[in-house]
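Chemist: I have a structure I would like to understand better, so I am pasting it below and will then ask my questions one at a time.
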Amino acid sequence: MIYMLLRYFFLLLSCCFSCAVAQGQNLVMLKKAENYYSLGKEIAVWEDIKHFKHIEEALQKANFQLSTKQTINFGYRTSAVWLKINLRTDSPAEKWFMSAGTALQDTVEFHYQDRAGKWQMRRQGSHFPYFEREVKHRFNTFLLPFESSAPHTYYVRVAGKSPLVLPIIIQTESDFYRHKATENLGYGLYFGILFAMMIYNIFLYYVLRDLNYLYYVLSIFSIFMLLSALSGYSFEYFWGDYGWGTLYQVRSFAGFIVASTGIFAISFLRPKEYAPFLHYALWAMTIWGVLLAPLILWANMLPAGNVTITIHSILLLVSGIVCWYRGNKPARFYVLAWSFYILGGIGNTLRNANLMSHNFFTSYGTEIGSAIETLLLAFALSDRYRLIRREKDIAQKEANESLEQKVKERTLEILEKNEELNQINEELSTTLELIETEKQKSDNLLLNILPAETAHELKETGFSTPKQYDMATVLFTDFKDFTKIAETLTPQQIVEELNTCFVAFDEICEKNQLEKIKTIGDAYMCVGGIPMANKTNPINAVRAAIEIQAWMSHWTAGRKAQGKTAWELRIGIHTGEVIAGVVGKKKFAYDIWGDAVNIAARMESSGEAGQINISEATYQHVKDSFHCVFRGKIQAKNKGEVAMYFVEKELH
């Protein structure tokens, strides 16, 4: 008992001391109008060399000091780092996201006290499954739990074997997802360039049988694998639950990138002809790269990998300069390409070693440099091939000088014609492939709009003949009081909520062999029994309606739990004759007509929220499969009194 009292006494003293220190720490006021904050000097930091696992123990020993740098960077450390952040907001209802560290941090813990004063902890990092993250992002991102506009103190603990580069970014929800979209676009373009260059050079290797193209593809692939892991996209889109896969990917390809770029340099620059000592140096570095891959993988020699990549990059640049100076003309593009890559790569390496600050250049210099390097090396290969072809043409010309002038001219003409024809054939093949690809895209788009039978008829004849179906079941849905609900939402929110519902309805209709016809505002219409006629469409439609109401109940319960407005749905169903087809020449739309459509609409409007209202015609088809309650004859607009039934449940 005495021990427990002493423990809480010292914990209280520690908290008081921390609060006193925090008085010198800047309190950051988060304003909704300023939706982006990059914190550094406002944060208190403490290097935890003993790796305390519990925050109560850590706070007893903590000695927080204000950061002197705008971006906190400890480089490679074996200790853990604690961050103390004092925040306040003028809009506690606004969602604020905090991103801590880089994509490869092993463990990132977020600590805060709830209303009862109990410590809560959320944990992310590359050692934990991606799908457990509350905010799905390649960086470690947490939702800040503001309960009021009063000051809040949060603690972040970061530990692991990756470099402790810890930029702290706080954003509103809208700004966060806008930045995420911009980053995805940028990286999409970058990885797209790498992928396109790989495909293009594989094609060139297949055509020219020059190993330089194959070595070049291997070097691009190594860069692609390394940077996709470093940027966090491998973890987000590939490894998922297996965070260790990203770490192994980084460690292994740090060595492979040395080996692949080394063998490419040996083949392309031909240093054995121009500088033999560089030839052997490149071979030594290439072999070391092959050995380094498993060493980094199992022995965690990642700092050694960064040093090796830096030295190797400089060696490649020096080799290119020397070979260029001694007569290898294609090396000029090689030198220019590696200059860009080295600038970006060295900046990233020095940042990881805490020798340079965290900024746009040190964060994205490798990606920008490697993209430029990839394009310039493609020019270098093209230039090299051009020079080789020129040398061969000169040698052939000298060998044929003894031949008669007419034979020589005829031979050259034939060669030029053959080359031109080959080029034309290649261009035709490429054009045909593009045409076929675009045709497939067009067909897929048409099938997404129209039924396959109608789409085929339109392609073959240019028009579609309407067809009559003697037995089809039309299903209408409509939300109760949608106009009032819409007045409380923004246009974007309305579209998002309707899209959520209609996507679920689409899946249910497809499952039950119903054809979606269209949506009109908040109304949704589908039909069974077309374009392929069947006898089960009334049962299929009622079963789909039950599943839709079940989905709505579950979705509405979730909204109520979040304090949001509940949505209620009316469903009306009628079975009868319809005509289906496509009219007009522009913006084709598959539609149905007939009195059955009007009656189904009356069934919906005469129904009640949460109920499935069916007509007498539909009831006669489904009465043996579903339990229905007769409502009597009810006045329907323009239809007089119509017998109606509520569907209760399916009979088993």
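Chemist: Looking only at helices (runs of 4 or more DSSP H) that lie completely in region 219-299, which have at least 2 residues being touching a residue at least 60 places away in the same chain (Cβ under 8 Å)?
Modeler: The helices (runs of 4 or more DSSP H) meeting that bar are 243-269.
Chemist: Filter region 585-609 down to the residues that are open to solvent by less than 60 Å² (accessible area, probe 1.4 Å), out of contact with any Asp or Glu (no Cβ under 6 Å at 6 or more places or on another chain) and part of a loop (DSSP other than H, G, I, E, B), then identify the one that is modelled with the lowest pLDDT.
Modeler: Ala589
Chemist: Among the residues of region 323-362, write down those that are among the aromatic types (Phe, Trp, Tyr) and either more than 29 Å from the chain's Cα centre (by Cα) or modelled with pLDDT of 65 or more (or both).
Modeler: Looking only at region 323-362, we keep the residues that are among the aromatic types (Phe, Trp, Tyr), and these are 324-325, 333-334, 338, 340-341, 360-361.
If the condition is that a residue be among the aromatic types (Phe, Trp, Tyr) and either more than 29 Å from the chain's Cα centre (by Cα) or modelled with pLDDT of 65 or more (or both), then Trp324, Tyr325, Phe333, Tyr334, Trp338, Phe340, Tyr341 are the ones that fit.
Chemist: For region 113-145, what are the residues that are of a type in the set (Phe, Trp, Tyr) and either crowded, with 19+ Cβ neighbours inside 10 Å or farther than 19 Å from Lys84 by Cα (or both)?
Modeler: Across region 113-145, the qualifying residues are Phe128, Tyr130, Phe131, Phe139, Phe142.
Chemist: Taking region 630-645, which residues are outside any loop (DSSP other than H, G, I, E, B) and open to solvent by 60 Å² or more (accessible area, probe 1.4 Å)?
Modeler: Across region 630-645, the qualifying residues are Phe630, Arg631, Lys633, Gln635, Glu641.
Chemist: Scan region 585-592 and tell me whether some residue there is in contact (Cβ under 8 Å) with a residue 12 or more places away in the chain, of a type in the set (Lys, Arg) and closer than 30 Å to Thr465 by Cβ.
Modeler: For region 585-592, residues in contact (Cβ under 8 Å) with a residue 12 or more places away in the chain, of a type in the set (Lys, Arg) and closer than 30 Å to Thr465 by Cβ: absent.
Chemist: Oh, and also: Return the residues of region 86-106 that are under 30 Å from the mean Cα position of the chain (by Cα), open to solvent by less than 40 Å² (accessible area, probe 1.4 Å) and either on the phi > 0 side of the Ramachandran plot or at pLDDT 90 or above (or both); say none if nothing qualifies.
Modeler: Of everything in region 86-106, those that are under 30 Å from the mean Cα position of the chain (by Cα), open to solvent by less than 40 Å² (accessible area, probe 1.4 Å) and either on the phi > 0 side of the Ramachandran plot or at pLDDT 90 or above (or both) turn out to be Trp96, Phe97, Met98, Ser99, Gly101.
Chemist: Related question: What's the total number of residues in region 484-512 that are open to solvent by less than 100 Å² (accessible area, probe 1.4 Å) and in a helix (DSSP H, G or I)?
Modeler: Number satisfying all stated conditions: 18.
Chemist: Further, regarding this structure: Any residue in region 564-578 that is assigned to a strand (DSSP E or B) sitting within a Cβ distance under 6 Å of a residue that is at pLDDT below 90? List the pairs, counting only those 6 or more apart or interchain.
Modeler: Correct list of pairs: empty, since none qualify.
Chemist: Any chance you could count how many residues in region 123-134 are assigned to a loop (DSSP other than H, G, I, E, B) and in contact (Cβ under 8 Å) with a residue 40 or more places away in the chain?
Modeler: Of the residues in region 123-134, 5 are assigned to a loop (DSSP other than H, G, I, E, B) and in contact (Cβ under 8 Å) with a residue 40 or more places away in the chain.
Chemist: What is the residue count in region 566-584 for residues that are in contact with a helix residue (DSSP H, G or I) (Cβ under 8 Å, 6 or more places away or on another chain), of a type in the set (Val, Ile, Thr) and either buried (at least 23 other Cβ atoms within 10 Å of the Cβ) or at pLDDT 85 or above (or both)?
Modeler: Summing the residues that are in contact with a helix residue (DSSP H, G or I) (Cβ under 8 Å, 6 or more places away or on another chain), of a type in the set (Val, Ile, Thr) and either buried (at least 23 other Cβ atoms within 10 Å of the Cβ) or at pLDDT 85 or above (or both) in region 566-584 gives 4.
Chemist: Out of the residues in region 65-120 meeting the condition of being in contact with a Lys or Arg (Cβ under 8 Å, 6 or more places away or on another chain) and among the acidic types (Asp, Glu), tell me which one is nearest to Leu30 (Cα to Cα).
Modeler: Only one residue fits best here, namely Asp90.
Chemist: Here's another thing I want to ask about it. Only residues that are open to solvent by 70 Å² or more (accessible area, probe 1.4 Å), under 21 Å from Ser429 (Cβ atoms) and in a helix (DSSP H, G or I): list them for region 206-218, please.
Modeler: Scanning region 206-218 gives a single hit, Tyr206.
The values are calculated or read from the model by the stated rules, or taken from the named source; none is laboratory data. Remember, predicted model here, so these are calculated numbers, not experimental data. We place every Cβ from the backbone using ideal geometry, glycine too, and count neighbours over all the protein chains shown. The area values use the complete protein model at the heavy-atom level, side chains included, leaving out ligands, DNA and RNA. Shrake-Rupley method; radii C 1.70, N 1.55, O 1.52, S 1.80 Å.
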